[in-house]
Amino acid sequence: MAEPPTTPNLERHKSVVMLENDDALQIVRTDLANLVATAAKTNSCDIEELRKHLVDFEKLFTQFLAHRKIGNNIIWSRIQPLQTENVHTYQSVVEAPLATTKGDLLDKLVVLKLNGGLGTSMGCVGPKSLISVRNDSTFLDLTVQLIECLNKKHNSDVPLVLMNSFNTHEETQRVRFKYDKRVDLHMFQQSYHPRVLRETLRPFPVNVDLKDGVSWYPPGHGDIYNSLKRSGLLERFLEEGKEFIFISNIDNLGATVDLGILNFLLHPPKDSVPAEFVMEVTNKTRSDVKGGTLINYEGNLHLLEFAQVPKDNVDEFKSIKKFKVFNTNNLWVSLRAIKRLLDEETMRVEVIVNRKSLDGGVNVIQLETAAGAAIKNFNGAVGINVPRSRFLPVKKTSDLLVVMSNLFQLRDGTLVQNPARLYPELPLVKLGEHFFMKVGHILHLTM
C-alpha cells in the first residue's frame, strides 16, 4: 500500500463525496494507513497480508471514483448482437474427436471451486459447502468424490482447489483431513476489503476484526485471479505443466469436468484462434432475467451484469428475445494467460457497487468484481451454449428439495437425471418461507 499521504486527516464523520477524486483518494489512503497502524499496535492480523488486501481495495476504490465521475461505463447503443463465432454450440464442441487420451487431457487441468459463501439463505450457520445434499454427503463431499473418481478412472492427477472467504476458511480447514488422502487438495483465503459508508465514502471499520460480521467483506469471485497468484498456486501449477483451470460455484451441482470442452481448449479447431477463456452460458428463461449475460461490446466479448444496466434499459435487459443466454459462472481459463495479464498489470474488470443496509440503519457499499467479467481481457475468448443440466445451483431450500428427490441419481459424485423421468425440465417448486426456509425443515419433510 502507498505510504501515508501528507494530506491532513479528515475527521471520520466528514464526507469525501464532494471532493475531487484525487483529494478523496488521498483521504481514504490515510484512513487505510490508520487501519494498518491500528492492526500493528493490537497485533490483530498479519500486517503484510493486510497491506496486500488494502492495495487491491485501493485499486477498486480508485476505479469506483473514476466511474462515479464519468457515469455508467456501458453505452447501451454500442452493444451489438452476439455473432455465431462468439458462442459455440455445445454439440459442435463435444462431437469433435478427442486429440489424445482422457488421462492426458485431465493432466493439464486444475479444478477450482468458489467456496466463500455461507448457508444463511437456507437457515444454516457456517460454510454452505458443508450442508448435506444427498445421502448425508455435503457439497464438498460430492466435489471430492467427483475428482477422486475422475482421477481413478483415467489414471490422472487433477488437483482440487478451494477459494475460501474469511467467513468459510477456518471451518473448511477443520474438515480437510477427511479428503487429504483422497485428492490433491489445496485451499486459500481470498481477499477481505473494508465496507465503505455510503454517505461519506469513507472506510467503515476502525479495526481489523473480521469476526464482527459487519465491517469487512469478501469482494466477490472476481478476486480469484489476484488471490490465486498471491497464494503461490498459480506459479506452482504452471511449473507442474497444468494449462487450464476450471472455475465454478461449489453449489452448482451441474458443474462437472467436461472432457469435450477441455479438448476444445487444448486442441482448438484448425484455423481458429486458441481460446484463453471459455464461459459456459445457457439459454435464458423467465426465471433467469436478472442473470449476467454475454454481450458483444466494441469488438470484444463482455459480461453484462444486471447491476450495470442503466435504469432506462432494464426491461430490455430482461428480454429473453434480445439477450438469449446467461452466464452459468462455469469458466475455463488459461493459467498462462492469467499470469501474463497479472504480470503486465493489464487485467481490467468492472466494479460492481453492492449497496447494503446494516443493523442499526448504517448504509454501506461493497465494491465487488465478477470472475466472468475478466473475459474481455483474454485472447480468443468465446462462450459455449451448454445444456441446462450443467447449471444446477442450490440457492434455496426449494432447490435443495429438488436435488434430494428421486428426480436425480448419484453416480461418482455427479447428479444425473433419473432415466425414469418423462421430461427433462425440472419442476417449479415453491415453498412457504415461513415453514420451509431452513434446511432442517426440508430434512424433516424427507424423513
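Since every read-out is calculated from the coordinates, none of them should be taken as a lab result. All values reported here derive from a predicted model rather than from experimental measurement. Every residue, glycine among them, receives a Cβ derived from its backbone with ideal geometry; neighbour counts consider all protein chains shown.
Derived scalar couplings between HN and Hα for the stretch 188-197 equal 9, 9, 6, 5, 10, 10, x, 5, 10, 5 Hz in order, rounded to whole Hz, by the Karplus curve 6.51 cos²θ - 1.76 cosθ + 1.60 (θ = phi - 60°), x for Gly and Pro.
Rg/Rh for the chain stands at 0.96; both radii use Cα atoms, and Rh follows the Kirkwood definition.
Under 5 Å from the amide H of Lys318 lies no amide H of any residue 5 or more positions distant or on a separate chain, with H modelled from the backbone and absent for Pro and chain starts.
Based on DSSP H segments of at least four residues, each scored -39500 (n - 2.57), the chain has a per-residue ellipticity at 222 nm of -9000 deg cm²/dmol.
Take the Cα of Lys52, step 7 Å toward its Cβ, do the same at Asp104, and the gap between the two points is 3.7 nm.
Kirkwood-type hydrodynamic radius, the stretch 194-329: 18.6 Å, calculated from all non-identical alpha-carbon pairs.
Across the stretch 111-127, rounded Karplus estimates of 3J(HN,Hα) from the backbone phi angles (6.51 cos²θ - 1.76 cosθ + 1.60, θ = phi - 60°) give 10, 10, 10, 7, 10, x, x, 9, x, 4, 5, 10, x, 10, 9, x, x Hz, Gly and Pro being marked x. When the Cα convex hull of the stretch 75-135 is projected onto planes of every orientation, the mean area is 9.5 nm². Between Asp180 and Val125, the simple label model (points 7 Å from Cα in the Cβ direction) yields a spacing of 2.7 nm. Each of Glu85 and Glu316 was given a label point 7 Å from its Cα along the Cα-to-Cβ line. The distance between the two points is 2.6 nm. Per-residue 3J(HN,Hα) values for the stretch 77-89, derived from phi via the Karplus relation 6.51 cos²θ - 1.76 cosθ + 1.60 with θ = phi - 60°, read 5, 8, 6, 10, x, 5, 8, 4, 6, 6, 10, 7, 6 Hz in sequence order (x marks Gly and Pro). For GluC sites (Glu not before Pro), the sites in the stretch 58-166 that DSSP calls loop and that have at most 12 other Cβ atoms within 10 Å are Glu85, Glu95. One way to sum up the overall shape of the stretch 166-247 is the equivalent ellipsoid from its Cα gyration tensor, whose semi-axes run 31, 17, 9 Å, largest first. Between Asn327 and Gly292, Thr293, Leu294, the built amide H atoms are under 5 Å apart, and every one of these is 5 or more places off in sequence or on another chain. With 29 Å as the limit on Cα-Cα distance, the pairs of Lys52/Lys211; Lys128/Lys356; Lys52/Lys395; Lys322/Lys376 that go past it are Lys52/Lys395.
What area, in nm² and to one decimal, does the C-alpha convex hull of the stretch 253-356 cast on average over all directions? Walk me through the numbers on the way to the answer.
Details: hull surface 37.6 nm².
Over every viewing direction, the Cα hull of the stretch 253-356 projects on average to 9.4 nm².
Starting from the Cα of Lys324, draw a straight line to each of the lysines and keep only those under 17 Å, dropping any in the same chain fewer than 8 residues away. Answer for Lys324, where 17 Å is the Cα cut-off: Lys284, Lys290, listed by chain and number.
Compared with the direct C-alpha span, the chain from Glu170 to Glu425 gains 88.0 nm at full extension, assuming 0.36 nm per residue. Cross-link partners for Lys181 among the aspartates and glutamates, with Cα-Cα distance under 15 Å and sequence neighbours closer than 8 places in the same chain left out: Asp141, Glu148, Asp157.
Each peptide in 334-340, 249-255 was scored by the mean count of other Cβ atoms within 10 Å over its residues; highest first, the order is 249-255, 334-340.
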